[in-house]
Amino acid sequence: MNDERSANAVDRKIGQRVRTRRLEIGMSQERLAELLGVTFQQVQKYEKGVNRIAASRLHDISNALDMAPARFFEGLTVGRAAGVAESGQDYVEDVLATPEGSQLMSLFASIKNVKVRRRVIELVKALAEEEAEGKRG
């Protein structure tokens, strides 16, 4: 049974973008909730895509996060199957929506030496390859 009012892939992606932006500017869920006049649990539900975000609430969120409402929808394309087409940028946003991804990006950006940055990339690539091999073996 498909309830038209239940959250879908677009709702989840918008929630992810709310979380990414909130982490990007260093705002807590509690602070965003306070600005919106809701509980932090409600913010959690928005960010996880469990609850849909009404247009007026999205407007409030965009003001609180100092982000144009249209940016929440950038790159989203709805296919015939009512899903969301994933782009390479979506995977980056998925990673940045995690505390570890946000921390990794912040720390990586603080490295000024190009050689060191390349070595970090090589290390992460080797770890990813090792992880993939472990799953195959």
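Can you run phi through the Karplus equation (6.51, -1.76, 1.60; θ = phi - 60°) for the stretch 105-120 and list ³J(HN,Hα) in whole Hz, with x for Gly and Pro?
With the stated coefficients, the stretch 105-120 comes to 5, 4, 5, 4, 5, 7, 7, 8, 6, 4, 4, 5, 4, 5, 5, 4 Hz.
Please report the net charge: other residues with Cβ closer than 12 Å to the Cβ of S62, K and R +1, D and E -1.
Once positives and negatives cancel, what remains is +3.
Between L104 and R136, what is the FRET efficiency for a Förster distance of 22 Å, r being their Cβ-Cβ separation, to the nearest 0.05?
Result of the calculation: an efficiency of 0.30.
P(r) for the stretch 9-57, please, calculated from all Cα pair distances in 10 Å bins and given in %.
In order of increasing distance, the bins hold 29, 62, 9 percent.
Testing the spin-label approximation: label points 7 Å from Cα along Cα→Cβ at Q41 and R71. State their distance in nm.
In this crude spin-label approximation the distance works out to 3.0 nm.
Whole-Hz ³J(HN,Hα) for each residue in the stretch 20-26, computed from phi via Karplus 6.51 cos²θ - 1.76 cosθ + 1.60 with θ = phi - 60°, x for glycine and proline: what do you get?
Result, ordered by residue: 4, 5, 4, 5, 4, 9, x Hz.
Please work out the FRET efficiency for the pair A55 and K115, using the Cβ-Cβ distance as r and a Förster radius of 35 Å; give the result to the nearest 0.05.
The formula returns an efficiency of 0.15 here.
Coordinate-derived values only; no laboratory data. Being a predicted model, the structure only gives us computed values, none of them experimental. All Cβ positions, glycine included, derive from the backbone under ideal geometry; neighbour counts span all protein chains shown.
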